[in-house]
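Asker: One structure coming up, written as structure tokens, with questions to follow.
Since every read-out is calculated from the coordinates, none of them should be taken as a lab result. Please read all numbers here as calculations on a predicted model, not as lab measurements. FYI the Cβ positions are ideal-geometry reconstructions off the backbone, even for glycines, and counts take in every protein chain you see.
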Amino acid sequence: MFEIGKFSLAMKIFRQNSQFKILGTYSILGAIALLTLFPLLWLISTALKSPTENILQSPLQLLPSQPTLDNFANVWNSLPFSQYLYNSTLVALLTVGLNLLFCSLAAYPLARLSFPGRDWIFIAIVSTIMIPFQIVMIPLYILTVQIGLRNSYLGMIFPSLASAFGIFLLRQAFMSVPKEIEEAARMDGSSELGLWWYVMLPAVRPALATLAIFVFIGSWSDFLWPLIVIQDENLYTLPLGVAKLAGTFSLDWRLVAAGSVISIAPVLVLFLFLQRYIVPTETGSGVKG
């Protein structure tokens, strides 16, 4: 009985220590999350503050005393933000669609087909990740002008039609698909394009969703390339519109914050809708019969 009592006491102390460790871990993670989210919370707070509130007062006041949506209305009416939003949405969606198409078409043969030089081609593609965009920016601009895509939607999309990271990510995803599924499709008379479309793409939906999120965020927040290739203000994307807003209302940071919130809101919404697709699923669950 004495030994059983000692064992029960030891287990109770162990459980208490485990609970304390879990509580400490969650406390540290919560503090890190709050520290990470603080700039976003401060941006939203600044956008909601009225003109009578001092946004730089000390101590800092995170919650506005008189919250208002007038800053968003002023931003929306002072500049053609609806056009900027349309341009960014169109460019981002086209970039995502074309990037997924070309990256998957390039990754499929590199993962599932055998041909001379396949591995060297893959190494050459992955090696381009180490090349900074600033090095290829000027040749890209010259090529864009020569093919007549300057000052157009396609000109903004052109550098992002495919990416080495996307090809690498999808190649690794394609390689994880069991060969039995591929062999069964071939026995049913499926062509290579049919195998790619009906078998491989549904099987790697988590990887496609992950790449789509990365490409969308990169395209949506891209500032340098649209600034170089676009001169018509009717084709401005949201980053260019926010930069113009900062130059127009540089003394009123409430309006600049409101424009920034408008520009990042679609990215947050997209992530909330697509985050469940990033969770790995069974490979065979997405294969059509």
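Asker: Relative contact order for the chain: what is it in percent, counting Cα pairs under 8 Å that are at least 6 residues apart?
Answerer: Dividing the mean separation by the residue count of the chain yields 27 percent.
Asker: Then there is this: Between Arg150 and Leu193, how high is the FRET efficiency from 1/(1 + (r/R0)^6) when r is the Cβ-Cβ distance and R₀ = 35 Å? Nearest 0.05.
Answerer: 0.55
Asker: What is the packing order of peptides 260-269, 133-142, taking the mean over residues of other C-beta atoms within 10 Å and listing the highest first?
Answerer: 260-269, 133-142
Asker: Rounded to the nearest 20 Debye, what is the dipole magnitude of the stretch 153-248 about its Cα centre when Lys and Arg each give +1 and Asp and Glu each give -1 at the C-beta?
Answerer: Approximately 200 debye in magnitude.
Asker: Another one. Estimate the FRET efficiency between Ser27 and Leu90 by the formula 1/(1 + (r/R0)^6), using the beta-carbon distance for r and 45 Å for R0, to the nearest 0.05.
Answerer: Step by step, r from the Cβ atoms, then E = 0.55.
Asker: Looking at Pro178, Thr210, Trp225, which one has the Cα that reaches farthest to the positive end of the dipole of the stretch 144-250 (charges on Cβ: Lys, Arg +1; Asp, Glu -1)?
Answerer: Of the options given, the answer is Trp225.
Asker: About the Cα centre of the chain, what is the dipole size in debye to 20, counting +1 per Lys and Arg Cβ and -1 per Asp and Glu Cβ, all else neutral?
Answerer: 660 debye
Asker: Karplus couplings for the stretch 40-51 from phi (6.51 cos²θ - 1.76 cosθ + 1.60, θ = phi - 60°), rounded to Hz, Gly and Pro as x?
Answerer: Couplings: 5, 5, 5, 5, 5, 4, 5, 5, 9, 7, 7, x Hz.
Asker: Now for a separate question. How large is the translational diffusion coefficient of the stretch 110-229 in µm² per second when you combine the Kirkwood radius over alpha carbon pairs with Stokes-Einstein at 10 °C and 1.306 mPa s?
Answerer: For the chosen part, D equals 95 µm²/s.
Asker: Cα extents of the stretch 76-138 along the three principal axes, largest first, in whole Å?
Answerer: Between the extreme Cα coordinates on each principal axis of the stretch 76-138 lie 59, 27, 14 Å.
Asker: Give or take rounding to whole Å, what are the principal axis extents of the alpha carbon atoms in the chain, in descending order?
Answerer: Cα spread of the chain along its principal axes, largest to smallest: 89, 73, 36 Å.
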